[in-house]
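To start, the structure under review is shown below, and the notes come after it.
The values are calculated or read from the model by the stated rules, or taken from the named source; none is laboratory data. What you see is a predicted model; the values in this text were computed from it and never measured. In this analysis, Cβ positions are derived from the backbone assuming ideal geometry, glycine residues included, and neighbour counts consider all displayed protein chains.
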Amino acid sequence: MPKIIRDLPDTSSYWAAIWTLCPLPDVHVICDAPIGCFNLVATAIPDYTDAIPHIENVTPSVIREAEVGGSGTGAAVERTYKDLADTGVIDGKHLIVVSTAESEMIGSDLSDLVTKLAPGTTFFHSESLSDDEWHGRDRVLQWLWDNYGAAQAADVAVEPGLVNIIGPTYGCFNAPADLHEIKRLIEGAGGRVNLVFPFESTLADMSQLAKAQVNVVLYQEFGHTLADSLGQPWLHAPIGIRATTEFIRQLGAHLGTQQQAAAFIRQEKRTTLQAVWDLWKGPQGDWFSTITVGLVATQTYVDGLTDYLSRELGMQIAFSATRPRRPDGLDNEGVRSTIHQRAPSFVFGSINEKIYLSEANARQTNFIPAAFPGPVVRRAVGTPFMGYHGTVYIVQEIVNRLYDTLYNFLPLDSAYARQTNGGPPPAAASGNDGSTSGDATNGNPGNLPWQADAKAVLDAAVEQLPFLARISASRELQMRVEAQARARGLREVTTDLAAEILSPERK
Amino acid sequence: MTEVNSTPAAPGKPCQLHPQSMCPAFGSLRILTRIEGAHPVMATDTGCLYGLTFVTHFYGARKSILAAHLGTEELMAGEIVESTRAAIEVAAKEPGCQLIPVVSLCVAETAGLPEEMLPKRVNDAEVVLVRVPAYAIHSHPEAKDVALAALLNRLGDREGARDKKSLVLLGEVFPADPLAIDALLRQMGVEATITLPGRSIDDLRRAGRAGALAPQHPFYRETMALYRAWDTPIVGGAPVGVSGSYAWLKAVGSLLDLDPALVTQVAEAEREQAQAILAAQPLSGRVLVTGYEGTEIAYARLLVEAGAEVPYVSTSIASDPLTLPDELWLRGRGTREIVYRKSLEDDMAALDKYQPDLVLGTTPFAAAAKERGIPAMYFTNQLASRPFFLSTGMAATLGFIKQTLDRTASYQWMQDFFESDDTDQAVEASAHA
């Protein structure tokens, strides 16, 4: 059976190369690409993932029919290089030529050609037809070290107390906030941040990675190969209370700053983390065990959120899927049918899961962005998932969504909807059943009798909804069915009618 | 710059390093995903698929998108047809599926995807192959044409009697625009208008029987060729601005054989209204119109008619006989450069040369203008998404342009603040803004 893709969640290693190389300001990339592969990677998508108008230090060779038809891309790359050199754009920069799926498709290997361009120009074969973005990032980081770092690092000595952060690149969800928090934790544990590679570094500085005593690899998905090459102890960035506490302790142990690390943890419990403790003690904490959560994100986020939300706060994980997908994990077909069958109270995911929720009409489910693809601005540093700040931000987000759910279920006099003539605004409509303007369900006197099986249909419909929505939803659904019964002149609610009205809720 | 390195570019013309267009193929996805009951299948590599799905989920439709998996393995084994067929089978099972456009992109087109190897129909769904490799199509608007022509060629109803008093309005426009146009045309005696591209498969079917075709945008070459082959007359121009709208209404009247007195009466009333709007909100200022939607020349024409100076217009589409009337009109009224298949470098050179008061452009170019404190808007998001045609559209578009020009001070303040290291100066500027 041939493989089929539904709503691809991970892009290719060509994108990984551009998004890893271009944060380095002293690099200029020529991508051996048709116009579309250039536009999407350098402008259209980073506009929405990273909120930057466009990536400036990448230029396409602009593959056209002639190149595909047999002439190859060498001349186009050479022409691009000459124009760049003439305009002075690449003065003082490291020029790197990167292959794309299309250039690989026509077998364009430019390893020889680059030797005729500016001295030191290199060719990175991105393996775009076979590798995904995660493996791609890992590979290009190691390739950079092999070509631009290792030799120069031979006489760089380790300086105690210095810590590198490896990752993020462009296109990493929530990177600014997570990075900000990890820097804070490193300093709290007694370290000093050396390089943040590639995001806040230059390629010329790469050899200085060797100065750090410890490396922090921001994500499980990439950066570990480079960290291994650097030869110093390294840690993954943490999510959740336990993982963060362990991270600070271990970092302190590696740096020999155990006491400072312990003092920082004590201080954080009384400050940053106090909010989690207060919410746990308050009425909000009582809801946690009723909350069901679906997770679709990187392994880093899925593992971290599972630890924090489930093991620590006691929420139920309804389903989880990592991107890239593990061999035995749910693919999007599986995630989609799970959501269509029964949507949990919260879904952390990408725009794909958001679409599946829309298809399922799952208006009682709160969607929280936790992965790309999907347009979302995450440039504020106050929205981390990682570290102690992350634990506060995530639980605060969940509780506020619960408040919204409750608000939307409180009764609203239907006269206002009639007055504005268009029914309730979308936000309010998402709280009630949305299919009526309010006056059909509100204000009718008394209850109609329900046949026993009709009541069972109602109970089943309510059972499908997230816990917090049930009390109000059960009243809403009841009134909606009764309004229809009255409209049809029935004296009791029949099973058929209940099934007819409530069937959309039973997906 | 040394002699040896001199580029083949024409003297005085900047080199074209960064051509400006959304990935051309997106034009087709934008149209195809929005059709109710259509479930596209894409044939391409993963990077392309990721990017195009991303923009489709932003600008197209909330629609799950299927694709053949085309990695090294499948391409080496020549399994492209099998994978695509498998994806088509899955798409056909979607609820309400009536149409499966197969969107074939660079890698699949390079490998070869023979149409005769794909089914024509699966269950209730028509399968229509749309070939849009970016290396051959060159611009995002032109791919809209390729997709629409493929759909009409398959679905257009050529059997029934022609609806002689019906008109196809061709081109993606703000939803209120066709309503305004339809209302006016009905006053003239038109019985129905069909807006394409749209959301209904039935519209594609009955578009085959229409009395005439009216392209609102100048890049629907293949679709027009199809209508010519169908022997259906085509209305030139578009209902844009005072003189453009008047001429267009008269042309529709004569092609559909409507009552000339009635047509003149409606066209003159509309012209008066348009003139009143221009008189009420005249523009002044120098504007660069530089999107990649293929509609820039018509916008430039409207702005010039309203009193603005538009020395430079650029677009992603190629020059075409269809753009010629507006081009001549603009050149006769002070426009000095009209650049087709433009690059960021062309636009940047114009920014230096003309020192505009307002820039309508691509995201990189609009960002560059804002860096200089010049008011700027992303053409695609801000113009292509508001009313434009006839007097009502004119009022909406011109009102927006004027409003943006009036905000010049805030663009300058932002620039001062972010470009200046002198904090006192920035606060000073704020006080005057």
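Please go through the stretch A:160-169 and give me each residue that is surrounded by fewer than 24 Cβ atoms within 10 Å (Cβ to Cβ) and closer than 16 Å to A:PHE197 by Cβ, ordered by number. Within the stretch A:160-169, just A:LEU162 meets the criteria. Counting only residues that are assigned to a loop (DSSP other than H, G, I, E, B), more than 12 Å from every other protein chain (Cβ to nearest Cβ) and buried (at least 24 other Cβ atoms within 10 Å of the Cβ), the stretch A:371-387 holds 4 of them.
Which ones in the stretch B:103-121 are away from chain A (no Cβ under 13 Å) and touching a Pro at 6+ places or on another chain (Cβ under 8 Å)? Within the stretch B:103-121, B:SER104 is the sole residue that qualifies. How many residues does the stretch A:10-35 contain that are over 24 Å from the mean Cα position of the chain (by Cα) and facing chain B (nearest Cβ under 8 Å)? Summing the residues that are over 24 Å from the mean Cα position of the chain (by Cα) and facing chain B (nearest Cβ under 8 Å) in the stretch A:10-35 gives 2. Only one of (1) outside any strand (DSSP E or B); (2) under 26 Å from A:THR383 (Cβ atoms); (3) over 24 Å from the mean Cα position of the chain (by Cα); (4) touching a residue at least 12 places away in the same chain (Cβ under 8 Å) is not met by A:ALA204, so which one is it? Against the list (1) outside any strand (DSSP E or B); (2) under 26 Å from A:THR383 (Cβ atoms); (3) over 24 Å from the mean Cα position of the chain (by Cα); (4) touching a residue at least 12 places away in the same chain (Cβ under 8 Å), A:ALA204 comes up short only on (2). Answer yes or no as to whether A:VAL77 is surrounded by 24 or more Cβ atoms within 10 Å (Cβ to Cβ) and either under 24 Å from B:ALA67 (Cβ atoms) or within 10 Å of chain B (Cβ to nearest Cβ) (or both). No: the conditions fail for A:VAL77.
Among the residues of the stretch A:326-360, those identified as more than 9 Å from every other protein chain (Cβ to nearest Cβ) and either in a helix (DSSP H, G or I) or of a type in the set (Phe, Trp, Tyr) (or both) are A:GLY334, A:VAL335, A:SER337, A:THR338, A:ILE339, A:HIS340, A:GLN341, A:PHE346, A:PHE348, A:GLU353, A:LEU357.
Before we move on, is A:ILE30 part of a strand (DSSP E or B) and among the aliphatic types (A, V, I, L, M)? Against the criterion (part of a strand (DSSP E or B) and among the aliphatic types (A, V, I, L, M)), A:ILE30 qualifies. Of the residues making up the stretch B:9-24, at least one is in a helix (DSSP H, G or I) and either farther than 20 Å from A:VAL376 by Cα or at pLDDT below 95 (or both). Out of the stretch A:305-325, which residues are buried (at least 18 other Cβ atoms within 10 Å of the Cβ), of a type in the set (A, V, I, L, M) and not in a helix (DSSP H, G or I)? The answer is A:LEU313, A:MET315, A:ALA318, A:ALA321.
Within the stretch A:91-145, the set of residues being away from chain B (no Cβ under 14 Å), without any contact (Cβ under 8 Å) to a residue 12 or more places away in the chain and under 21 Å from A:MET206 (Cα atoms) comprises A:PRO119 only.
Quick check on the stretch A:245-284: of everything there that is surrounded by fewer than 21 Cβ atoms within 10 Å (Cβ to Cβ) and small (Gly, Ala, Ser), which residue is nearest to the chain's Cα centre (by Cα)? Across the stretch A:245-284, the extreme among qualifying residues is A:ALA275. Contact map, the stretch A:474-502: first residue without any contact (Cβ under 8 Å) to a residue 60 or more places away in the chain and under 20 Å from A:ASN408 (Cβ atoms), second residue of a type in the set (Phe, Trp, Tyr) and assigned to a helix (DSSP H, G or I), Cβ cut-off under 9 Å, separation 6 or more or different chains; pairs are A:ARG475/A:PHE409. For the stretch B:284-321, a residue qualifies if it is surrounded by fewer than 24 Cβ atoms within 10 Å (Cβ to Cβ), without any contact (Cβ under 8 Å) to a residue 60 or more places away in the chain and hydrophobic (A, V, I, L, M, F, W, C), and exactly one does: B:VAL304. For the stretch A:233-244, the set of residues classified as under 16 Å from A:VAL276 (Cβ atoms) and crowded, with 18+ Cβ neighbours inside 10 Å consists of A:PRO238, A:ILE239, A:GLY240, A:ILE241, A:ALA243, A:THR244, listed by residue number. The criterion of at least 1 residues that are of a type outside the set (Val, Ile, Thr), free of Cβ contacts under 8 Å to residues at least 24 places away in the same chain and farther than 16 Å from A:TYR388 by Cα is met, among strands (runs of 3 or more DSSP E) falling completely within the stretch A:213-304, by A:234-236.
Among residues of the stretch B:333-359 that are in a loop (DSSP other than H, G, I, E, B), those with a Cβ under 6 angstrom from a residue that is of a type in the set (D, E, K, R), sequence gap 6+ or separate chain, pair up as B:PRO356/B:ARG286; B:ASP357/B:ARG286.
Among the numbered conditions (1) in a helix (DSSP H, G or I); (2) under 21 Å from the mean Cα position of the chain (by Cα), the only one that B:ALA269 does not meet is (2). Of all residues in the stretch B:154-180, those that are free of Cβ contacts under 8 Å to residues at least 24 places away in the same chain have Cβ atoms under 6 Å from Cβ atoms of residues that are assigned to a strand (DSSP E or B) and of a type outside the set (Val, Ile, Thr), 6 or more apart or on another chain, in B:PRO178/B:LEU169.
Of all residues in the stretch B:40-63, those satisfying the criterion of being within 27 Å of B:SER200 (Cα to Cα), crowded, with 21+ Cβ neighbours inside 10 Å and among the small types (Gly, Ala, Ser) are B:ALA43, B:GLY51. Listed by position, the helices (runs of 4 or more DSSP H) enclosed by the stretch A:41-153 that each have at least 1 residues that are touching an Asp or Glu at 6+ places or on another chain (Cβ under 7 Å) and not polar (S, T, N, Q) are A:74-86, A:101-105, A:133-144. Residue check: A:GLY390 meets all listed conditions (1) at pLDDT below 95; (2) surrounded by 19 or more Cβ atoms within 10 Å (Cβ to Cβ) but one, namely (1).
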